[in-house]
Amino acid sequence: MKIATWNINGIKARIDNVVKWLEMAEPDVACLQEIKSADENFPAGRFESLGYNVAVHGQKAFNGVTILSKPPFDDVASGLPGDAKDDQARYLEAVISTADGAVRVATIYLPNGNPVDSDKYPYKLAWMKRLEDHVRDLLEYEEPLVLAGDYNVIPVPEDVHDPEAWAGDALFRPETQDAFRRLVHLGLTDALRACHGEGHQYTFWDYQAGAWQKDNGLRIDHLLLSPQAADRLKRCEIDRFTRGWEKPSDHAPVWIELRL
DNA sequence: ATGTCGATACTTTATCGA
């Protein structure tokens, strides 16, 4: 089973690129972030005609996540528990059945958190704590679990082209990295790190300053796996080529193959 | 040092978020 994550930076602007990539890459499950669309305006029909079931948790203009799945959904839950007042659409989770068992998949658009002296940074850290608490609960099921998304976290200096330039940024602050480590240390496996130890494997290149042409990237899109999913991990890759397309997202898809 | 893009609205240009 092939499971992918991609921050598409707006479904309206990216629909043709997303369809083209789905036809090429043929993931069984695709977790998309930053759809920037209300549920009722999301072009679910385009994906249904490609054979996908569609679960969407959107809002007008900003944020928004979706899961596209060829196998049917058993169960879908919108929103990250832990703060009833949080109305930002950043988390969606589904159980997906296959002939060889079920996998629980979450699509995550973790808050960016910049600027760090605004209320956005404490919101990011609080959101990460809520994610940690929720994942601790999910791990008790002892089932294959894939947490896929744009974490807006650069885990280590080897995940950024110029660590000094990013010092102090909300994606790279020690508090951010500590919160990410606490999540991983619940017992998760960082799939790309497990398959590619060499570092400098980027998933995002800013639109500005020729970042793509210079390979000035960041690794901020991650697939974190429960032990039962990690045991089935065959492969993890980044589809960098989409970043070179016309009208690209600033993020590239990342995908895993599981024996499932 | 600067450089971009997408969505929105009392819309065609400014503002916000990233």
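Here are some notes:
- Each peptide in A:70-76, A:221-227, A:6-12 was scored by the mean count of other Cβ atoms within 10 Å over its residues; highest first, the order is A:221-227, A:6-12, A:70-76.
- Cysteines having no other Cys beta carbon under 4.7 Å from their own, within chain A: A:Cys31
- Using a Förster distance of 35 Å, the FRET efficiency for A:His161-A:Thr98 (Cβ separation, nearest 0.05): 0.40
- Whole-Å semi-axes of the ellipsoid equivalent to the stretch A:2-258 (Cα gyration tensor, √5λ, descending): 24, 22, 19
- Equivalent ellipsoid semi-axes - Cα gyration tensor, the stretch A:1-75, angstrom: 18, 14, 11
- Low-density loop positions, trypsin sites (Lys or Arg not before Pro), the stretch A:53-124 - DSSP coil, at most 11 other Cβ in 10 Å: A:Lys85
- Projecting label points 7 angstrom from Cα along Cα→Cβ for A:Arg181 and A:Ala38 puts them 4.4 nm apart.
- In chain A, helices alone account for a calculated mean residue ellipticity at 222 nm of -7000 deg cm²/dmol, with every DSSP H run of four or more residues adding -39,500 (n - 2.57).
- Selection of trypsin sites (Lys or Arg not before Pro), the stretch A:181-243, meeting DSSP coil and at most 14 other Cβ within 10 Å: A:Lys214
- Cα-based Kirkwood hydrodynamic radius, the stretch A:44-124, one decimal, Å: 14.2
All of the numbers you see were taken from the coordinates with simple rules; none came from a lab. None of these values were measured; they are calculated from a predicted model. Cβ atoms come from the backbone with ideal geometry, glycine included; neighbour counts cover every protein chain shown.
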